[in-house]
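A.B. asks: Okay, handing you the structure first.
What follows draws every value from the coordinates through simple rules; no lab data is involved. As the structure is a prediction and not an experimental result, all values here were calculated from the model. Positions of Cβ are backbone-derived with ideal geometry, glycine not excepted, and every protein chain shown enters the neighbour counts.
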Amino acid sequence: MIHHSDRGVQYLCDKYIKELNQHGFKVSCSRKANPYDNTWTESFMKTLKDNEIYMWSYETYLDVLESLPYFIEEVYNKKRVHSSLGYVTPEEFEEGNSAGQPNLQL
């Protein structure tokens, strides 16, 4: 599990980092004034917000728990093509890589 954050003090304090480490999280944080360190995370969050969160009015935490996994697994991974993967879905990319198809390599 990766915990990515900006450089907010609440995410970088010793107590918080220790808690993450105790639960097996890898801590990921961009360098100061450099949002390009984790562009894949920033891109995913933008897509998640634009294509899921802003489209629905969640009323309860249970709504979120039911909707987000569906979006990630069924839409983002299986239906949405990704330019960084040669305009195939992540699922197609992984299937192509495991089959040894060179045209799906990054």
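A.B. asks: Using amide H atoms built 1.01 Å from N in the peptide plane, name the residues 5+ places from VAL88, or on other chains, whose amide H lies under 5 Å from its own.
C.D. replies: Excluding prolines and chain starts, which carry no amide H, the hits are HIS82.
A.B. asks: Turning to a different aspect of this structure: Obtain the nm distance between the two label points defined at LEU48 and TYR61 by a simple spin-label model: each point lies 7 Å from its Cα along the Cα-to-C-beta direction.
C.D. replies: Roughly 1.7 nm, to one decimal.
A.B. asks: Of (i) 13.9; (ii) 15.8; (iii) 16.3, which one was derived for Kirkwood radius over Cα pairs in Å from the structure shown?
C.D. replies: This structure yields the entry labelled (iii).
A.B. asks: As a check on your grasp of the helix formula, calculate [θ] at 222 nm for the chain: sum -39500 (n - 2.57) over DSSP H runs of n ≥ 4, divide by the residue count, round to the nearest 500. Could you put the intermediate results ahead of the total?
C.D. replies: On the way: 5 runs with 45 residues, N = 106.
Helices in the chain give a 222 nm mean residue ellipticity of -12000 deg cm²/dmol.
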